[in-house]
Amino acid sequence: MRDKKTVILMIIALSLLAAGCSTGAKEKSGNLKKVERMETEKILTVDELIRLSGITEADYRDVDLQQFIEDYAITEENVESLNIKLLLENYDGEEDVSDIFAGTAQERKDDFTTGVAAIAFYENVNTGTECVYYDLAAKERYRAADCFLFSDLDQTEAEPYGDGEMLIDKMDSLGVFSWENSSDPEYMEDAQSMELAVKYEDGTVFHVSSTGILSQLLPDTYTEIRTLLLG
């Protein structure tokens, strides 16, 4: 009788062990499939989002689509379940335009007054900072005493501005597009600095910067340009 009970207990133990192994294998298989699925769910590119969602330029005119995609983790698998147009209407992402100073865009070589999309200007003199950004396409101007303006335009209210063509022509007549980068050879603890950039519709950029005593490094027309941009 004892031997019979022992055999029965061994059978039960083996059955439980087999069941546990089966469950563990299923869980492991499920986890592997989940990882594989996550690896295939790649974030969409801007072009893919536009194509798959059917949105038009009017839907995303004032939105950084790349940031929008990353914020909502939009993939090919979930794009159809999201109401992209409605999300765009209510999207309040920070508008980052700091790339105008990045120095990675193709340099503009000529035709400096045609197809201007934006103008950005930054000046720091005696620890006092002035910044302005012109969105000529939207006919708006943003101004703040904080260089972080360019990474978040929402920190100040936009002003209507419709004289973009006049502004760029005036800059041209004052010789801005012949300016070159300049820097004082001697170290200064509180050096003055200036950044001026013009971005064009084709993505090219005219960019000039200066560090040191600005009145000594830049042409006499700098004061007039500064007043023009900040006035």
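Quick note: the coordinates plus some simple rules give every number you see, no bench work behind them. Keep in mind that this is a model prediction, so the values were computed, not measured. Cβ coordinates were reconstructed from backbone atoms using ideal geometry, including for glycine residues, and neighbour counts include every protein chain displayed.
Simple point charges give the picture: +1 on the Cβ of Lys and Arg, -1 on the Cβ of Asp and Glu, and for segment 112-231 a dipole about the Cα centre of about 200 debye.
Between Leu136 and Ala118, Ile119, the built amide H atoms are under 5 Å apart, and every one of these is 5 or more places off in sequence or on another chain.
Taken one residue at a time, the phi angles of segment 114-129 give Karplus couplings (6.51, -1.76, 1.60, θ = phi - 60°) of 10, x, 6, 9, 7, 10, 10, 9, 9, 9, 10, 10, 6, 6, x, 10 Hz. Gly and Pro are set to x. Exposure proxy shown here: for Phe121, Phe150, the number of other Cβ atoms within 10 Å sets the order, fewest to most, as Phe121, Phe150. Basic side chains Lys and Arg get +1 at the Cβ, acidic Asp and Glu get -1 at the Cβ, and with that the dipole of segment 46-89 about its Cα centre reaches some 140 debye. Spatial offset of segment 150-229 relative to segment 80-116 amounts to 20 Å, using the alpha carbon center of each. Each other residue within a Cβ distance under 13 Å of Lys170 adds +1 if Lys or Arg and -1 if Asp or Glu, for a net charge of -4. When segment 46-89 is described by a simple charge dipole with +1 on each Lys and Arg Cβ and -1 on each Asp and Glu Cβ, the residue from Thr56, Val46, Gln67 located farthest towards its positive end is Thr56. State the answer as a single residue: which of Tyr187, Thr223, Met171 lies farthest towards the positive end of the charge dipole of segment 98-230, with beta carbon charges of +1 for Lys and Arg and -1 for Asp and Glu, about the Cα centre. Positive-end residue among those listed: Met171. Each residue of segment 140-156 is assigned a 3J(HN,Hα), and the resulting list reads 9, 10, 10, 9, 7, 9, 7, 5, 6, 3, 6, 9, 7, 5, 5, 6, 9 Hz, derived from the Karplus form 6.51 cos²θ - 1.76 cosθ + 1.60 (θ = phi - 60°), x at Gly and Pro.
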